[in-house]
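> Questions regarding the structure given below will be posed in turn.
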Amino acid sequence: MSEEKSGLLRDRLNEFQLDWAQAPVKSEQISLQKMRGKKFLLIGRDDSLLRAVQWSLEAWNDECKADVSVSCVTVKDDMWDCGVWQADYVILTGWCCREIRMTVLETMEILEEYLKVMQVLTKLRCERILLLSDGRVYGKLESQFAASEYEAGKTDPCAPGFEAQYFLQALESMLITCARENGASYQILRTGKLFGTCIETMEHSVYTFARLTAGSKEDVRKLCPERNSYISIHDVLTAVQFVLTKCPANKIFNVTGKQADASDSELVMMLYQNFPQQCRISLNWAPPEDEAGILLNTQLIRRYGFVPQVSLEDGLIIQVKCMQNLGKVFIFDNTYLGKLTKVQQILLGYLLEIDRICKKHGIRYFLAGGTLLGAVRHHGFIPWDDDADVMMLREDYDHFLKVVQDEVPDNIFLQLPYTEKGNHNPFTKLRINNTMFATEFTSKFLNMHNGIFFDVLSHDQTGNHKWSQKLHLTATMLARSIVFNKWGNTNIKSGGKHELICKIVSKAKKFVPMPFAEWAQERALRFFQKRKSEYLYDGMGRNLKRGAFPKAWLAETIYVDFEGYQFPIPKEYDKYLTYLYGDYMQMIPVSHRRTSHSILLTDLGEYSGYRCPGAGED
């Protein structure tokens with residue numbers, strides 16, 4: 001028996017393992033309250049899947065201090081007669097997605113071991129026992145037939161794959177029988193073909209084709225014309241915790257990934273599209289009867305609210321890049337149809353223009369938000385970032401607004417509420433004419449300027465005391481919420497202590513004229529402008545809820561390298577970035593490294609080939 005190890009997961013796992021280990025807690029599909037203080041008993045073979053489940057549970061302690069307790073036991077441990085186990089949830093990893101090639105005697109021995117385990121487990125006073133299984137249990141299905149939980153294909157004892165079907169059916173039947181005899185609650189989770197980085201499972205097309213692509217090896221492979229359901233380890237781990245905490249007992253659930261049903265030819269096309277210089281796989285057609293597909297119907301688990309997070313295409317990209325072991329920061333190369341590097345070049349040009357204007361007029365500014373983080377951590381843009389920001393103190397921000405209109409080139413539009421009817425952002429956006437870069441929100445207002453944008457924000461003074469800061473923060477938040485939600489015709493959403501206030505204000509906002517709402521917003525931002533204060537807050541930006549921080553953090557400036565140029569950042573950048581992001585040197589999970597904005601419309605216009613003077617090749 002092994003207990004959970006001490007130390008943070010990020011100190012023990014590589015970035016690909018950490019990505020899927022953190023997937024359940026970051027999915028926001030499992031309630032922290034349902035996990036807090038729970039005891040988990042994991043039982044299976046001593047393999048990577050058992051460890052993956054263990055780490056995904058330990059992640060709750062790293063991220064939320066949830067006091068989750070995890071114990072791991074292998075089926076062969078001779079400890080099953082003592083009956084001393086205590087657990088809220090028991091998870092049996094079983095033989096999910098593992099090769100099943102055993103003699104009759106080996107099979108019977110393993111089933112006897114599991115029977116003994118299940119007889120003990122079903123007598124425990126636990127909330128739920130979950131067994132992991134997979135789609136092989138259905139046997140051979142008709143072409144394009146997606147099996148639901150209580151359906152089955154044809155069973156042919158002489159056909160390949162019958163051993164796996166029989167073995168998995170036996171494991172499931174033993175759990176159901178023991179549970180019913182002892183009045184225990186059980187669940188069975190059947191997965192599609194499991195794949196993932198650093199996970200040992202049975203060999204299948206995803207692994208084979210990814211390995212060939214990673215090695216740029218030319219190869220000819222037999223084509224399986226049938227579609228199969230696949231699932232990444234991220235979604236398996238999330239589904240395990242979802243089913244245990246959100247789904248009813250004594251049921252069977254199928255689970256697959258996001259957009260994860262594909263044939264061999266579709267897998268190869270995904271690889272060709274994402275690795276055109278490396279994927280050199282040719283396919284030969286094979287008769288349909290050579291290999292059956294495993295296609296699962298997942299309507300039931302989705303009906304209870306489960307949403308898979310990692311698409312088959314993204315999973316393939318992660319798989320190949322992990323196998324390549326390039327030693328570079330992972331990023332999806334197909335972001336914005338290959339335009340991300342172009343967008344970053346345009347944003348760099350913006351930065352140089354801002355720098356020129358500010359130096360000319362003696363205006364202090366700093367790189368802000370993700371741009372500041374990128375400067376410190378990457379010496380340039382965060383590889384998956386699609387925007388750039390600078391921040392100023394209020395006096396410098398007001399000075400900037402007085403001169404910027406006369407300084408920017410004619411192709412730049414200064415977007416403020418008083419320069420464009422219908423725009424209600426509290427901060428300054430600079431947009432390039434004849435381009436399109438519309439977010440999910442701004443695409444609702446295509447009569448507005450939606451060009452490639454650059455944000456300029458002010459950090460305003462707030463109170464010197466906790467109570468005044470709290471009142472100022474609340475007033476600013478409500479004023480901004482009224483403007484934003486009135487603009488988007490949506491309800492104000494908030495939780496915690498302000499939920500009732502937000503509900504009242506949400507009802508009342510329809511009676512508040514927009515000019516008055518914007519006046520109140522501006523008044524809130526500037527409330528402490530002429531008062532002596534030692535604290536600032538990000539009233540305009542996305543970090544409003546972070547609260548106040550010492551003004552002294554922005555008192556001094558240093559210059560750092562950013563994409564080969566020198567730009568100003570606060571001397572106390574470490575304190576400021578810690579205030580914004582916590583441990584800011586830790587990058588977001590691999591599978592989340594898409595861009596930061598939900599851009600729906602992109603058109604770079606004549607700037608599609610733009611490159612800053614002196615910048616290197618893309």
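> Which value at 222 nm does the chain reach when only helices count, each DSSP H run of 4 or more adding -39,500 (n - 2.57), with the total divided by all residues and rounded to the nearest 500 deg cm²/dmol? Please list the in-between numbers first.
Numbers: 18 runs with 224 residues, N = 618.
That calculation yields -11500 deg cm²/dmol at 222 nm.
> Asp11 accessible area, nearest 10 Å², 1.4 Å probe?
Its accessible surface works out to 120 Å², give or take rounding.
> List, in order, the whole-Hz ³J(HN,Hα) value for each residue of the range 435-451 obtained from phi through the Karplus relation with A = 6.51, B = -1.76, C = 1.60 and θ = phi - 60°; use x for Gly and Pro.
10, 9, 8, 8, 7, 4, 7, 5, 5, 6, 10, 6, 6, 7, 6, 10, x
> Moving on to the next point. Can you put Trp467, Trp95 in order of accessible area, largest first, using a 1.4 Å probe?
Ranked from most to least accessible, the order is Trp467, Trp95.
> Ok, one more. With the crude spin-label approximation of a point 7 Å out along Cα→Cβ, what separation in nm comes out for Glu407 versus Arg303?
Here the modelled spin labels are 6.2 nm apart.
> Let me ask another. Given 0.36 nm per residue, what is the gain on full extension from Cys198 to Leu111 after removing their alpha carbon distance, in nm?
Details: separation 87, 0.36 × 87 = 31.32 nm, distance 2.76 nm.
Gain on stretching Cys198 to Leu111: 28.6 nm.
> Continuing with this model, one more query. What order do you get for 470-483, 543-556 when each peptide is scored by the mean count of other beta carbon atoms within 10 Å, highest first? If you can, show how the numbers build up before the last one.
Working: 470-483: 19.7, 543-556: 15.6.
Descending mean neighbour count gives 470-483, 543-556.
> Rounded, prolate or oblate, given the Cα gyration tensor of the range 57-156, with a/c below 1.5 counting as rounded? Could you put the intermediate results ahead of the total?
Numbers: a/c = 2.32, a/b = 1.42, b/c = 1.63.
Oblate, since a/c reaches 1.5 and b/c is not below a/b.
> Let me ask something else. For the chain, what is the percent of antiparallel DSSP beta bridges, rounded to the nearest 5?
If I count the DSSP bridges inside the chain, around 45 percent turn out antiparallel.
> Next question. With a/c under 1.5 counting as rounded, go ahead and sort the range 506-618 into rounded, prolate or oblate using the C-alpha gyration tensor (a ≥ b ≥ c being the square roots of the eigenvalues; past the cut-off, prolate if a/b is larger than b/c, else oblate). Provide the component values of the computation, followed by the final result.
Details: a/c = 1.85, a/b = 1.27, b/c = 1.46.
Note, shape of the range 506-618 comes out oblate.
> I want to check the label-to-label distance for Gln33 and Leu446. Put each point 7 Å from Cα in the C-beta direction and report it in nm to one decimal.
4.3 nm
> Taking θ as phi - 60°, what are the ³J(HN,Hα) couplings along the range 402-418 by the Karplus curve (6.51, -1.76, 1.60), each to the nearest whole Hz, with x for Gly and Pro?
Couplings: 6, 10, 5, 4, 7, 9, 6, x, 5, 7, 9, 9, 7, 9, 9, x, 8 Hz.
> Which of the pairs Lys545/Lys575; Lys466/Lys532; Lys470/Lys510 have their Cα atoms more than 23 Å apart in this structure?
Numbers: Lys545/Lys575 17 Å; Lys466/Lys532 15 Å; Lys470/Lys510 26 Å.
The pairs that break the limit, which is 23 Å between Cα atoms, are Lys470/Lys510.
> Sorted by accessible area with a 1.4 angstrom probe, largest first, how do Lys217, Lys26 fall?
Working: Lys217 115, Lys26 75 Å².
Putting Lys217, Lys26 in descending order of accessible area: Lys217, Lys26.
> Over the heavy atoms of Glu440, what accessible area does a 1.4 Å probe trace out, to the nearest 10 Å²?
Its accessible surface works out to 110 Å², give or take rounding.
> Calculate one ³J(HN,Hα) per residue across the range 545-560 by plugging θ = phi - 60° into the Karplus curve 6.51 cos²θ - 1.76 cosθ + 1.60, and present them in order as whole Hz with x for glycine and proline.
6, 5, x, 7, 9, x, 4, 4, 5, 10, 6, 10, 10, 10, 10, 10
> Also, quick follow-up: For the peptides 405-411, 56-62, 172-178, 13-19, what is the packing order when you average, over each peptide's residues, the other Cβ atoms within 10 Å and list the highest mean first?
Ranked from most to least packed, the peptides come out as 56-62, 13-19, 172-178, 405-411.
> Could you pull the Cα extents of the chain along its three principal axes, largest to smallest, in whole Å?
Per principal axis, max minus min of the Cα coordinates gives 85, 56, 45 Å.
> So which GluC sites (Glu not before Pro) in the range 233-312 are both in a DSSP loop and have at most 13 other Cβ atoms within 10 Å of their Cβ?
Listed in order of number, the matching sites amount to none.
> Measuring from label point to label point, each 7 Å out along Cα→Cβ, what is the Cys64 to Val329 span in nm?
2.9 nm
> Same structure again: Could you pull the accessible area for Ser27 with a 1.4 Å probe, rounded to 10 Å²?
For Ser27, solvent-accessible area is about 20 Å².
> Further question on the same structure: Limiting things to C-alpha atoms, what are the Rg and the maximum Cα-Cα separation (Dmax) for the range 342-412, in angstroms?
My reading of the Cα-based Rg and Dmax gives 12.6, 35 Å.
> Assign unit charges at the C-beta atoms only (+1 for Lys and Arg, -1 for Asp and Glu), then state the dipole size of the chain relative to its Cα centre in Debye, rounded to the nearest 20.
That gives the chain a dipole magnitude of about 2800 debye.
> In addition: Just to make sure I understand: if all protein chains stay in place, what is the order of Lys258, Lys38 by accessible area at 1.4 Å, largest first?
From most exposed to least exposed: Lys258, Lys38.
The values are calculated or read from the model by the stated rules, or taken from the named source; none is laboratory data. Model, not experiment: these values are computed from the prediction. Cβ sites come from the backbone with ideal geometry, for glycine too, and all protein chains shown count toward neighbours. Note: areas computed on protein heavy atoms with side chains; ligands, DNA, RNA excluded. Shrake-Rupley method; radii C 1.70, N 1.55, O 1.52, S 1.80 Å.
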